[in-house]
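Okay, so here's the structure we're looking at.
The values are calculated or read from the model by the stated rules, or taken from the named source; none is laboratory data. For clarity, every value in this text was computed on a predicted model and none was experimentally measured. Please note: Cβ atoms are built from the backbone with ideal geometry, for glycine as well, and neighbour counts cover all protein chains shown.
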Amino acid sequence: MRRALEMHDFGTVFRLAKSRAGISYSRIAAECDIKPDRVGTLAKGQGKITTFDKVRQIADALRVPGHMVGLTPGPWETDEPPTQTYDPRRGQTSVRRRTVLQAATNTGLAAALPALTKPPAPRHVSDGDVERLRHRTARLRRLDDILGGGDTYRVYVSEYQATKALLRTSTFTPESRRRTVALLAEQAQQAGWAAFDGGQQKQAESLYEESRRAACEAVESDLLGNAYAFLAYQTADRNTAVEIASSSCSTLTSSTPACVRALLYERMAWACAVADRPHGVEQALDAARIALDEKPQFGEPQPDWAAWVDQTELDIMTGRCWTELRRPLRAVSVLEVALARYDDSHARDKALYLSWLAGSYLTAGEVEQAATVTGRALGLASGVASVRPRQRLAPVLQRLGQYKALPAVAEVLEHAGG
């Protein structure tokens with residue numbers, strides 16, 4: 001149950017509520033304001049809950065503490081308990097209705113949800129303690145798959161600050177301290193990414209710089225390279241971004257894991273695309289493809305923070321780069337195929353990627369198709385706590401404005417305005 005809540009896998013949550021606590025799907029539907037057939041569909045593993053508002057609504061209805069789903073505490077978490085009770089046999093409700101988890105206390109569901117609180121900070125930090133913290137960081141990173149930085153920033157910053165406090169107040173062996181500083185670098189990058197995604201550019205840059213310093217102290221070249229890559233990604237000056245991305249790739253060695261090499265070369269390709277350097281784009285994309293094609297040697301560690309880089313992601317980056325270079329014939333074909341494999345549950349990222357596909361269709365003169373793709377992107381971006389999809393779609397919508405006489409364009413412009 002805890003795992004399902006962390007991953008926002010509410011289908012599993014609903015299924016466990018029924019099988020372990022005897023709570024019907026119709027009652028779950030009533031509590032969470034979801035259609036009963038939708039609850040059943042989710043419980044069968046079909047579809048996902050992706051919007052922040054609905055995650056918040058379900059968490060509050062089920063009385064799931066906010067930290068278990070990566071949210072801030074709900075208002076009910078500080079309320080006094082109700083003085084009356086809910087009698088399921090008579091259907092009577094107190095002034096402040098008891099919810100599903102409260103009603104299920106005696107049937108075992110509440111017992112299946114121990115608080116996902118942070119463990120107390122150890123006085124002496126061992127390698128095992130560091131490993132447990134790394135696993136926790138990896139679990140929390142999964143929230144970024146479905147939530148925007150506006151929702152996750154406080155979660156990731158809290159983890160980063162807790163590790164900083166640990167370094168100040170606890171004792172370490174030399175190796176456990178080095179590994180904890182490396183973890184701090186990793187957490188600073190995740191918090192910086194959430195800040196960037198939520199529109200907090202200064203905080204993002206500050207966290208990336210902190211990550212760079214921590215990676216240097218920990219002598220972690222992979223994390224150092226990723227810190228440079230993050231800095232390049234948000235740097236406004238295009239030529240400077242290429243220089244920083246080059247610094248990122250200069251950290252690569254023969255022992256760098258394949259997924260890290262692919263990630264850094266991908267971001268180098270993007271920096272070159274934005275700077276209008278097509279030759280650099282091709283070189284970097286080829287290097288990323290070679291890295292992904294190499295099978296990791298037995299036992300070679302692939303860090304969790306780079307494990308999401310795969311062939312689909314590389315194809316999407318390829319399409320993005322050719323869109324930026326105004327090569328729509330190259331961009332459209334690869335983006336269409338890659339995005340067909342990319343699940344809608346990654347709403348923020350898919351909305352972003354669709355914006356590049358729409359831009360390439362416009363460049364190719366396929367206005368109606370561009371409008372259709374833009375409409376899909378707007379729908380996915382709705383309710384996601386990230387500033388980037390709308391920022392990316394703004395110039396596409398502006399270009400579409402000159403074709404507003406077309407019904408398909410007028411419809412998507414009206415949607416965007418609403």
Check PRO328 against each of (1) crowded, with 17+ Cβ neighbours inside 10 Å; (2) modelled with pLDDT under 95; (3) not basic (Lys, Arg) and name the one condition it does not meet. (2)
Right, TRP356: more than 20 Å from ASP197 (Cβ to Cβ), of a type outside the set (D, E, K, R) and touching a Ser or Thr at 6+ places or on another chain (Cβ under 9 Å) or not? no
Listing of helices (runs of 4 or more DSSP H) fully contained in the range 231-311 that carry 1 or more residues being of a type outside the set (Gly, Ala, Ser) and within 20 Å of LEU207 (Cα to Cα): 238-249, 258-274
Which of the residues that make up the range 1-51 are buried (at least 17 other Cβ atoms within 10 Å of the Cβ) and of a type in the set (Lys, Arg)? ARG15, LYS18, ARG27, LYS48
I need every pair where a residue in the range 53-66 that is under 19 Å from SER26 (Cα atoms) has its Cβ under 6 Å from the Cβ of a residue that is of a type in the set (Lys, Arg), sequence separation at least 6 or different chains. none
Which condition does SER221 not pass, out of (1) under 27 Å from PRO389 (Cα atoms); (2) buried (at least 17 other Cβ atoms within 10 Å of the Cβ); (3) hydroxyl-bearing (Ser, Thr, Tyr); (4) modelled with pLDDT of 95 or more, if it passes all the others? (1)
Those residues of the range 52-82 which are modelled with pLDDT of 85 or more and over 19 Å from ARG139 (Cα atoms) amount to ILE58
Based on this model, can you work out whether SER355 counts as part of a helix (DSSP H, G or I), within 18 Å of GLN391 (Cα to Cα) and of a type in the set (Gly, Ala, Ser)? yes
Per the filter on the range 335-374, residues more than 21 Å from ALA273 (Cβ to Cβ), of a type in the set (Gly, Ala, Ser) and over 22 Å from the mean Cα position of the chain (by Cα) are GLY365, ALA371
